[in-house]
Amino acid sequence: MNDEIQQAFLRGALSMGCAVTGLFFLRYWKQTRDRLFLFFCAAFWLLAAHWAALTVVNPPLETRHYLFLLRLAAFLSLIIGIVDKNRRSDDAGSDHAGQVR
């Protein structure tokens with residue numbers, strides 16, 4: 001088995017793993033309606049798209065910026081989800097006067 005076939009197989013496995021992980025987060029979001037799970041679902045689907053795109057595109061072209069924009073969007077989705085969750089939990093712990101209960 002040559003290296004290109006192995007790399008394509010591993011990228012496909014990574015893409016599948018990220019897509020399945022995104023499905024788990026989607027299920028958790030449907031159960032809890034917590035937006036954090038929705039942000040994580042989107043992030044993992046973006047990562048799955050990134051790995052699938054790397055499989056389709058010629059590997060020397062992987063340094064092209066548009067492929068890494070998918071990865072950047074995924075990590076930004078994770079950060080936004082965490083910040084959103086922390087801000088919502090801070091708002092829930094204070095009353096109208098701004099004092100902590």
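Bear in mind that the values in this text are calculations on the coordinates, not laboratory data. Just so it is clear, the model here is predicted, and its values are computed rather than measured. All Cβ positions, glycine included, derive from the backbone under ideal geometry; neighbour counts span all protein chains shown.
Projected label points at Tyr28 and Asp84, each 7 Å from Cα along the beta carbon direction, are separated by 1.5 nanometres. Distance between the pseudo-spin-label points of His65 and Val20 (7 Å out from Cα toward the beta carbon): 3.6 nm.
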